[in-house]
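The values are calculated or read from the model by the stated rules, or taken from the named source; none is laboratory data. Fair warning: this is a prediction, and the values are worked out from it, not measured in the lab. Using ideal geometry, Cβ is built from the backbone for each residue, glycine included, and neighbour counts are taken over all protein chains shown. Just the protein is used for accessible areas: all its heavy atoms, side chains included, with ligands, DNA and RNA removed. Shrake-Rupley method; radii C 1.70, N 1.55, O 1.52, S 1.80 Å.
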Amino acid sequence: MTPIDFEAAYAPLWAELEAVVHVAETRRKFDGARLATLYRRVCEHLALAQARAYPIHLTQRLEGLTQSAHRLIYRQHDYGLARFARLALVDFPEAVRAHRGYLLVSALMFVLPLLAAGWAAYRDPGFILHLLDASAVRQFDSMYGDGAESLGRTRNASDDWQMFGFYVMHNIGIGFRCFAAGIFAGVGSAAVVVFNGVQIGAVGGYLIASGHAGNFCSFVVTHSAFELTAIVLAGAAGLRLGYSWVAPGRHTRLEALRLAARHAVVIVYGVIGLLLVAAAVEAFWSSARWIAPAVKYGVGGACWALVLAYLGWQGRPRAAAAVAKADEHAG
């Protein structure tokens, strides 16, 4: 679609949003549900215009329009539960879907190396020594074996809280590296995502081949729904940064990077939330040896379905309108 056709197709919708914004700014009263719907659509148009390098006057108009609508939506709820609810229920899943191209690339860069390394380690357990030293491998054997030193057998409540803090720092560190490394033209994010895929896959393949499949799979199945998803999302946000640097369009590279960061940071907020959930589940649920593996598999499957449904459907027009209506009543 040419820029002229693009503008002709969507100009009426932009004009409607401009009218809603004007009424809201002059009369302090507006249809919150309609504003949310128009705002979401114009954000999608802005992302398309930037990705296709449409003329600067077109992207500037859309940027100004989305910024004005954003201020209206959030001016009374910049903080507090209402703002958090909108971020979690609308903005984050919406931003994930808006970056679905980057998400697909990040997922392939994570999953394919994970499967390849897992298969290699399963066929030849010695493959793990190309990635980890012997002491680290022995530690994994001890952790996921059936002995007294295995996960959950000797831990108490204080240990769980200590591990929760460790998992928070460790997981968020990985997520931040996946995102921040994107500033190096996206190569850094790609390297971090691929490395994590290879390492996780190799460890999993080795443990399964070594006869620890039950302990390992029942341990990771639940929190992996949040943790692995967060790694892929952080990688996608990093690739968004990198692409803006490589292909800035009609913007300067710094301006393109600033615009990309503004859109990608919403995903980063969601990634932090997912990693906090993953840390809590890993510390207090995954390591609990008194819970039958069958129960963990069932809960883990439900968590995977929940995460995928949340990212795929949450925040679509009906949900966005409901949140906007709740915000309007709260104001």
#### Entry: Failed condition for residue 244, given (1) open to solvent by less than 10 Å² (accessible area, probe 1.4 Å); (2) over 13 Å from residue 51 (Cα atoms)
(2)
### Search result, residues across the range 254-265 that are surrounded by 17 or more Cβ atoms within 10 Å (Cβ to Cβ) and within 15 Å of residue 178 (Cα to Cα)
261, 264
#### Entry: Residues satisfying the stated conditions in the range 273-293, i.e. assigned to a helix (DSSP H, G or I), buried (at least 18 other Cβ atoms within 10 Å of the Cβ) and touching a Gly at 6+ places or on another chain (Cβ under 9 Å)
274, 275, 279, 283, 286
### Query
Among the residues of the range 131-141, is there at least one that is of a type in the set (S, T, N, Q), in a helix (DSSP H, G or I) and open to solvent by less than 60 Å² (accessible area, probe 1.4 Å)?
no
#### Entry: Residue that is closer than 19 Å to residue 259 by Cα and at pLDDT below 85, where the choices are 70, 22
70
### Summary
By residue number, the members of the range 2-49 that are basic (Lys, Arg) and surrounded by fewer than 19 Cβ atoms within 10 Å (Cβ to Cβ) are 27, 28, 29, 34, 41
### Task
Being of a type in the set (Ser, Thr, Tyr) and either crowded, with 20+ Cβ neighbours inside 10 Å or part of a helix (DSSP H, G or I) (or both) is the filter here, so list the residues in the range 164-223 that pass it.
167, 189, 206, 218, 222
#### Entry: the range 294-304, residues that are free of Cβ contacts under 8 Å to residues at least 40 places away in the same chain and open to solvent by less than 20 Å² (accessible area, probe 1.4 Å)
none
### Message
Can you tell me which condition residue 134 does not meet? The list is (1) over 28 Å from the mean Cα position of the chain (by Cα); (2) within 30 Å of residue 292 (Cα to Cα); (3) at pLDDT 90 or above, and all the others hold.
### Response
(2)
### Task
Please tell me if residue 135 is in contact with a Ser or Thr (Cβ under 8 Å, 6 or more places away or on another chain) and either among the hydroxyl-bearing types (Ser, Thr, Tyr) or at positive phi (or both).
no
### Summary
When restricted to 49, 36, the only residue farther than 30 Å from residue 252 by Cβ, touching a residue at least 40 places away in the same chain (Cβ under 8 Å) and out of contact with any strand residue (DSSP E or B) (no Cβ under 8 Å at 6 or more places or on another chain) is 36
